[in-house]
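Peer 1: Structure below; questions to follow.
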Amino acid sequence: MRFTAVLLTICPSFAFAQGPTIGAVVNQYSYNADLSPGVLASIFGNDLSGNNLDVKLNGISCPVTYSSALQLNIQVPWETSLGSGQVVVSHDGLISNPLAVTMRKYSPELAAQNAAGSGLGIFLSGTKLITATNPANGGDTIAALAIGLGATSPAIADGAITPNPPPYYSTLATPNVTVGNRAATVLLSNLAPGLVATDQVTFTLAPNTPVGAAEAVMLKIGGIASTGPSLFQLGARTRPARCQ
């Protein structure tokens, strides 16, 4: 009787981890590539979140304020050097592709109510949001939320929530604000209390600011303007009725 030997080859099955991949790093308010020290930014890609998550820009760890597989929200460290840089994401022993970014001194952008970088901005009169049903008028004092206005005095730690004043964490440079092509008078420019790396610009509208429409707002600092568009709802001032 003859026996035929049969050689069985068993191939083990391996699951290879792909690791994080970065597709874009953008300004969190405008979704363009304008970045600066201290600004809030978003990273888009794949497999971005995991254990021991770390985001580095030029070797400096960035505070992470939100994480998911497809998106990370970070603050660019205040100490980041200007010029060319690289962002790398790592977790679970896996490292992403490096993505090149350019750091400017300022990257001013205004917050939008729809969180998509367009339409009506987040402007407050006292504690009330400016809307079509609660418009502003020439001469009113308004506070706007923004990012990318640069370093402050005193300085604040990366990722720190801004405490209530005093002191005011004032930006080293004062921005200019125009509403409907009319220059507003800027009163304060400081970090907003209770938030991370978010600027608050307080200004008074020019008396001749156009009324009855949603006007474009521009924020400019160090010769760099916000890209917007951010709109501001204006109404016609109602005069009190005269007694007869």
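The values are calculated or read from the model by the stated rules, or taken from the named source; none is laboratory data. Note that this is a predicted model, so its numbers are computed, not measured. Every residue, glycine among them, receives a Cβ derived from its backbone with ideal geometry; neighbour counts consider all protein chains shown.
Peer 1: Of the conditions (1) within 15 Å of F123 (Cα to Cα); (2) at pLDDT below 95; (3) not aliphatic (A, V, I, L, M), T209 fails just one. Which one is it?
Peer 2: That leaves (1) as the condition not met.
Peer 1: A206 is checked against (1) more than 30 Å from A69 (Cβ to Cβ); (2) within 16 Å of the chain's Cα centre (by Cα) and fails just one. What number does that condition carry?
Peer 2: Single failed check for A206: (2).
Peer 1: Sticking with this one: Taking the stretch 37-66 as the region of interest, how many residues are closer than 25 Å to A192 by Cβ and surrounded by fewer than 18 Cβ atoms within 10 Å (Cβ to Cβ)?
Peer 2: 6
Peer 1: How about the stretch 144-244: which strands (runs of 3 or more DSSP E) wholly inside it have at least 2 residues that are touching a Pro at 6+ places or on another chain (Cβ under 7 Å) and buried (at least 18 other Cβ atoms within 10 Å of the Cβ)?
Peer 2: Here the list reads 214-221.
Peer 1: Of the residues Q113, Q75, Q86, Q71, which is surrounded by 13 or more Cβ atoms within 10 Å (Cβ to Cβ) and in the same structural domain as D158 (by TED's automatic domain parsing)?
Peer 2: Testing whether each residue is surrounded by 13 or more Cβ atoms within 10 Å (Cβ to Cβ) and in the same structural domain as D158 (by TED's automatic domain parsing) leaves just Q113.
Peer 1: I've got another one for you. Between a residue in the stretch 199-222 that is on the phi > 0 side of the Ramachandran plot and any residue that is assigned to a loop (DSSP other than H, G, I, E, B) and basic (K, R), which pairs come within a Cβ distance under 6 Å, given they are 6 or more apart or on different chains?
Peer 2: These pairs meet every condition: G222/K105.
Peer 1: Filter the stretch 129-138 down to the residues that are part of a loop (DSSP other than H, G, I, E, B) and within 21 Å of V201 (Cβ to Cβ) and list them by number.
Peer 2: Hits for the stretch 129-138 are I130, T131, N134, P135, N137, G138.
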